[in-house]
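Note sheet for the following structure.
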Amino acid sequence: MADPPGCCSTCATCLLCPYSCQWITAKKEKRKGLRTTKYDCCWFLFLFCVFLFTLFWLYCAIIILNDFHNFNEFIFRQRKVWLDWSLVLLIATAVLISYSSVLLVLALCLQLCGQPLKLHWVHKILLILTALVVAAAFTGLGIKWAEEWKSARISLQATGPFLHIGAVGGMTLLAWPLASFIYRTRSTGLRVFLLLVYCAAMIALYLAPLGITSPCIMEQNQLPPKPALVGHRGAPMLAPENTLMSLQKAVDCDVQVFETDIMVSADGVPFLMHDEELTRTTNVQAVFPERAALNSTAFNWTDLQQLDAGSWFLERRPFPTVQSLSPGDREEAAKQRIPSLEQALEAAKQSNISIMFDLRPENHSDYQNFVNVTLGVILRSGIPLQQVLWLPDGFREDVKQQAPGVQHVYGRKRVDNEREPVLHVNLPYQEMSSEEIRQYRQDNISVNLYVVNQPWLFSVLWCSGVSSVTTNACQVLKEMKHPIWLLPSSTYFMIWIVIDCVSFLIIIWAFVLMK
């Protein structure tokens, strides 16, 4: 194989060394008569597949960041150790994608320089390990966190047009090394096969926009109003969750609803707490070490008031935003205590925001009493009942009779032959399609979806017409004045045609130039 013009011996040698792990000059390679064999081509194909496999995992890893705080909480409940596992995920993924990318670039450059693709056995082993690690990650995701596949499908509504452009660009650049290989190989059958595969892939990419749908492909005047914000346990990125400070920070972010979770103490005082145990968000292990593993409802209100509900936030830093808190906010966070429902209702009434809550644990033997006690606190608080959004399904009919002004929110989709019309639904964002959201909006049914933290997801739901979203990142979504992108269909059609035409011309030029 002769070096093509412009490929110096030094450059070829520098490419061979990291790829083949041998310091040998290109001229010596030529004297040895080494050539790229079918075996080497198979390893190049495997390298290309591993690169695509790892690239797909990188995409999925970025998408699941929206829900990764749930994973951190799950690991804490299992191991009692707090760590932001998203950093581990991103670092590991970056290492894998960087390694496979560098090898692929080296291989393509070697092909352009007419050098043999002799992949070293160390790289072969590492590539196999990379493929196994990524496969294990996908398997674990499918078994333990299957709903994230729905998140990935939703993400295509936000990224589909841009992924198409990137794929067309990448495959277009691949025309140079492909043309170089085709002109050098002596096998007519291999030439025909590669050309057919490449042409089929490019035609599929050129026509891909026919299958790309996104609610954000619309005219500006068709854009629905911005969804209202519901503070998930307040503003947990700015203050300890389910505290009065968190409620106030949520108010500062212009949220319309404070979403929280209610437990009832052993002496009948409803209080704000999400977990059934107190270990994650209080210092119960230091104050009551022998009772730390008990259910939150096993503590009386006097005991609960002794617990620190804020210092954990500063020590564990559940979100990166904790590092940027002002000294005043840090001091206030350290003073937080577990608030009672009565205190939260008073704060919500003064701030003129609604409060939506779940009553936990649903399987408790005294749950009916929990409902009655909670309802009694609400009625005595003086808060306008229309500001109370009731989520618990248990004993809902009793609540309707005792407090007819309370707004009832259902954690399910509407069904046929409803006895009473469903006016509010609260569902995971993965459970409703854009078409269903539009239909509910036309039928004047308020749809709240949770938990929405990333701007790309908020943009898709905004374009779909959702009424509100529950979020940890109210300070981020508050600043969004419009979706990340919004394209009229005619503009998108124009971009599609131009990209395809430019790509086609570059491919023709590459094959002519390489010949």
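The values are calculated or read from the model by the stated rules, or taken from the named source; none is laboratory data. Predicted model only: the values in this text are computed from it and were never measured. Note: ideal-geometry Cβ built from the backbone for every residue, glycine included; neighbour counts use all protein chains shown. Side chains included, ligands, DNA and RNA excluded: accessible areas come from the protein's heavy atoms. Shrake-Rupley method; radii C 1.70, N 1.55, O 1.52, S 1.80 Å.
With respect to Glu436, is the statement that it is touching a strand residue (DSSP E or B) at 6+ places or on another chain (Cβ under 9 Å), modelled with pLDDT under 95 and either open to solvent by less than 70 Å² (accessible area, probe 1.4 Å) or not in a helix (DSSP H, G or I) (or both) true? Talk me through it step by step, then tell me what you get.
On the way: touching a strand residue (DSSP E or B) at 6+ places or on another chain (Cβ under 9 Å): yes; modelled with pLDDT under 95: no; either open to solvent by less than 70 Å² (accessible area, probe 1.4 Å) or not in a helix (DSSP H, G or I) (or both): yes.
Spelling it out, it is not the case that Glu436 is touching a strand residue (DSSP E or B) at 6+ places or on another chain (Cβ under 9 Å), modelled with pLDDT under 95 and either open to solvent by less than 70 Å² (accessible area, probe 1.4 Å) or not in a helix (DSSP H, G or I) (or both).
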TODO: Could you please find all residues in the stretch 479-506 being out of contact with any helix residue (DSSP H, G or I) (no Cβ under 7 Å at 6 or more places or on another chain) and surrounded by 17 or more Cβ atoms within 10 Å (Cβ to Cβ)?
DONE: Leu487
Open item on the list: Tally up the residues in the stretch 166-194 that are in a helix (DSSP H, G or I), over 16 Å from Leu505 (Cα atoms) and modelled with pLDDT under 95, please.
Closed with: 13
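Looking at the stretch 141-160, which of its residues are of a type in the set (Lys, Arg) and closer than 25 Å to Leu210 by Cα? First the steps, then the outcome.
Pass one, the stretch 141-160, residues of a type in the set (Lys, Arg): 144, 150, 153.
Hits for the stretch 141-160 are Lys150, Arg153.
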- [ ] Taking only the stretch 413-431 into account, find how many residues are open to solvent by 80 Å² or more (accessible area, probe 1.4 Å), at pLDDT below 85 and on the phi < 0 side of the Ramachandran plot.
- [x] 3
Task: Of residues in the stretch 175-232 being polar (S, T, N, Q) and without any contact (Cβ under 8 Å) to a residue 12 or more places away in the chain, the one surrounded by the fewest Cβ atoms within 10 Å (Cβ to Cβ) - done: Asn221
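Among the residues of the stretch 124-133, is there at least one that is within 30 Å of Arg316 (Cα to Cα) and either charged (D, E, K, R) or under 34 Å from the mean Cα position of the chain (by Cα) (or both)? Show your work before the answer.
Within the stretch 124-133, the subset within 30 Å of Arg316 (Cα to Cα) is 133.
Next, from what is left, pick out any that are either charged (D, E, K, R) or under 34 Å from the mean Cα position of the chain (by Cα) (or both): 133.
So far as the stretch 124-133 goes, yes, one or more of its residues are within 30 Å of Arg316 (Cα to Cα) and either charged (D, E, K, R) or under 34 Å from the mean Cα position of the chain (by Cα) (or both).
From the set of residues in the stretch 61-80 that are without any contact (Cβ under 8 Å) to a residue 60 or more places away in the chain and among the aromatic types (Phe, Trp, Tyr), which is least open to solvent (accessible area, probe 1.4 Å)?
In the first step, residues of the stretch 61-80 are kept if they are without any contact (Cβ under 8 Å) to a residue 60 or more places away in the chain; the result is 61-62, 68, 74-75, 78-79.
Right, trim to among the aromatic types (Phe, Trp, Tyr) and you get 68, 74.
Details: Phe68: 15, Phe74: 88 Å².
Residue satisfying both the conditions and the ranking: Phe68.
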TODO: Kindly indicate the residue of the stretch 81-104 that is closer than 30 Å to Arg316 by Cβ and in contact with a Phe, Trp or Tyr (Cβ under 7 Å, 6 or more places away or on another chain) and also surrounded by the fewest Cβ atoms within 10 Å (Cβ to Cβ) among those meeting that condition.
DONE: Trp85
Task: Subset of the stretch 446-457 (residues that are free of Cβ contacts under 8 Å to residues at least 40 places away in the same chain and either surrounded by 19 or more Cβ atoms within 10 Å (Cβ to Cβ) or touching a Phe, Trp or Tyr at 6+ places or on another chain (Cβ under 9 Å) (or both)) - done: Ser446, Val447, Leu449
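Return the residues of the stretch 55-71 that are of a type outside the set (A, V, I, L, M, F, W, C) and either under 17 Å from Gly142 (Cβ atoms) or touching a strand residue (DSSP E or B) at 6+ places or on another chain (Cβ under 6 Å) (or both); say none if nothing qualifies. Show your work before the answer.
Filtering the stretch 55-71 for residues of a type outside the set (A, V, I, L, M, F, W, C) gives 59, 66-67, 69-70.
Answer for the stretch 55-71, where residues must be of a type outside the set (A, V, I, L, M, F, W, C) and either under 17 Å from Gly142 (Cβ atoms) or touching a strand residue (DSSP E or B) at 6+ places or on another chain (Cβ under 6 Å) (or both): Tyr59, Asp67, Asn70.
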